[in-house]
1. Pairs under 8 Å by beta carbon, first residue farther than 15 Å from GLY123 by Cα and aromatic (Phe, Trp, Tyr) in the stretch 176-205, partner part of a helix (DSSP H, G or I) and open to solvent by 80 Å² or more (accessible area, probe 1.4 Å), six or more apart or different chains?
2. Does at least one position in the stretch 90-97 carry a residue that is at pLDDT below 85, of a type in the set (Ser, Thr, Tyr) and under 53 Å from the mean Cα position of the chain (by Cα)?
3. Scan the stretch 179-196 for residues that are outside any loop (DSSP other than H, G, I, E, B) and open to solvent by 30 Å² or more (accessible area, probe 1.4 Å) and jot them down.
4. Out of the residues in the stretch 20-48 meeting the condition of being open to solvent by 10 Å² or more (accessible area, probe 1.4 Å) and part of a strand (DSSP E or B), tell me which one is nearest to VAL159 (Cα to Cα).
5. Would you be able to tell me the number of residues in the stretch 122-168 that are touching a residue at least 60 places away in the same chain (Cβ under 8 Å) and under 27 Å from ALA186 (Cβ atoms)?
6. Return the residues of the stretch 160-178 that are among the hydrophobic types (A, V, I, L, M, F, W, C) and either open to solvent by 40 Å² or more (accessible area, probe 1.4 Å) or in contact with a His (Cβ under 9 Å, 6 or more places away or on another chain) (or both); say none if nothing qualifies.
7. Against the condition in contact with a Lys or Arg (Cβ under 7 Å, 6 or more places away or on another chain), at pLDDT below 85, surrounded by 10 or more Cβ atoms within 10 Å (Cβ to Cβ) and outside any loop (DSSP other than H, G, I, E, B), how does ILE8 come out, does it pass?
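The values are calculated or read from the model by the stated rules, or taken from the named source; none is laboratory data. These figures come from a predicted structure and were not determined experimentally. Because the Cβ atoms are built from the backbone with ideal geometry, glycine has one as well, and the counts that use them run over all protein chains shown. Accessible surface is based on the protein model in full, side chains and every heavy atom, while ligands, DNA and RNA are left aside. Shrake-Rupley method; radii C 1.70, N 1.55, O 1.52, S 1.80 Å.
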Amino acid sequence: MGFFKNVISSQLIDVIEWKDDTQNTMVHRYDMNGKEIMMGAQLTVRESQLAVFVNEGQLADVYQPGRYELSTQNMPIMTALKSWKFGFNSPFKSDVYFVNTKQFLDRKWGTSNPVMMRDAEFGMIRIRAFGIYAFRVTGAETFLKEVFGTNSMFTVEDVEGQIKRTLVSGLSDAIAESKIPALDLAANYEELSQYALKALSPKIEALGLALTSFVIENISLPEEVEKSIDKRTSMGVVGDLNKYSQYQAAEAMREAANNPSGGGFAGMGVGMGAGAAMGQMFSQSMNGAAAQPAAQAATVPCVACAKPIPVGSRFCPECGAAQTPVAQTCAGCGAELAAGAKFCPACGQKVG
């Protein structure tokens, strides 16, 4: 009698637990090894785990983290599904699945083909993007029914392809709805990532999953758009084009002066071009210098103190003398003398 009791007890499972030693297992079916679970067995569910009992293909009870003694008190659904013919200590057959609810981090995503988007400035353009995301199981029942089914093990790689394609397909819509110009995408990765996270999360909730993080690391624009951005950046750095042209001409002259014999015809061409540019610069400078005296008012000497005063002045601003003195005559010949004359223009006699 004791022999048969030992044989029977050896076919019963009294401890059910799963120690996850992997990084990518999402669902693990407990291996019965041909045994049956004993009523009153101890069930241990660790943090970041859920235990799901499936009876004859039908989902029964779900257990949160903790320690349980399997009995009719804490297995209400299983008790309703089973008819216990041999008392509450009888064994029962059921599949036990442990579901990993931790976050699966640092999963890579990227656009295998360019994604089309409409930009207000450049029109329709194609972009490429890549980054990382993280997700977890939030609906164990939904995930069992919709995804892993009756598999003995389910890993991240089994669902990753579906998630990546869902994220990439929704990214173009998220970028378009955010209305961020193509020129400003690089400066708004954080804002765009948060916007995409909210827009993409509902797309995978139907699988019993939750998108916990979505990060855009880079968005690359088409080559022609990048060239246009580079040109605009260069123009902004240059600033005043006239001053920049003068600076380039001066640099060319300096290079030509430092290397008078190493250019041949090419050097002559550079020298001629630089000389022409410098000649234009000197011409502009000379014209400006010539224009300055013309812009200044003409002057004449004061009749009293000989200081230069503007033409047409009636009084000297220095000495106050009137500039229209009474006409004088030569004492020798009586000829009329010009104002300020020192000799008579008729006889040559010294005035005064």
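1. Cβ pairs passing all conditions: TYR195/GLU177.
2. First, the residues of the stretch 90-97 that are at pLDDT below 85: 90-94.
Restricting the remaining residues to those that are of a type in the set (Ser, Thr, Tyr) gives 90, 94.
From what is left, the residues that are under 53 Å from the mean Cα position of the chain (by Cα) are 94.
Checked against the condition, which is being at pLDDT below 85, of a type in the set (Ser, Thr, Tyr) and under 53 Å from the mean Cα position of the chain (by Cα), the stretch 90-97 yields at least one hit.
3. Filtering the stretch 179-196 for residues outside any loop (DSSP other than H, G, I, E, B) gives 182-184, 186-196.
Selection gives LEU183, ASP184, ALA186, ALA187, ASN188, TYR189, GLU190, GLU191, GLN194, TYR195.
4. Step one: of the stretch 20-48, the residues open to solvent by 10 Å² or more (accessible area, probe 1.4 Å) are 20-24, 28-36, 38-40, 42, 44, 46-48.
Add one more test, that the residue is part of a strand (DSSP E or B), and what stays is 28-29, 36, 38-40, 42, 44.
Details: HIS28: 15, ARG29: 17, GLU36: 31, MET38: 34, MET39: 35, GLY40: 36, GLN42: 32, THR44: 27 Å.
Looking at the filtered set, the residue picked out is HIS28.
5. Applying the first criterion (touching a residue at least 60 places away in the same chain (Cβ under 8 Å)) to the stretch 122-168 yields 122, 125-148, 150-159.
From the residues that got through so far, the ones that are under 27 Å from ALA186 (Cβ atoms) too are 122, 125-135.
Adding up the residues that qualify gives 12.
6. First, pick out the residues of the stretch 160-178 that are among the hydrophobic types (A, V, I, L, M, F, W, C): 163, 167-168, 171, 174-176.
Residue satisfying the conditions is ALA176 alone.
7. Working: in contact with a Lys or Arg (Cβ under 7 Å, 6 or more places away or on another chain): no; at pLDDT below 85: yes; surrounded by 10 or more Cβ atoms within 10 Å (Cβ to Cβ): yes; outside any loop (DSSP other than H, G, I, E, B): yes.
No, not satisfied.
Conditions (1) open to solvent by 70 Å² or more (accessible area, probe 1.4 Å); (2) part of a helix (DSSP H, G or I); (3) modelled with pLDDT under 90, marked per residue:
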| site | (1), (2), (3) |
| --- | --- |
| SER201 | no, yes, no |
| LEU207 | no, no, no |
| LEU211 | no, no, no |
| ARG232 | yes, yes, yes |
| MET235 | yes, yes, yes |
| TYR244 | yes, yes, yes |
| GLN248 | yes, yes, yes |
| ALA252 | no, yes, yes |
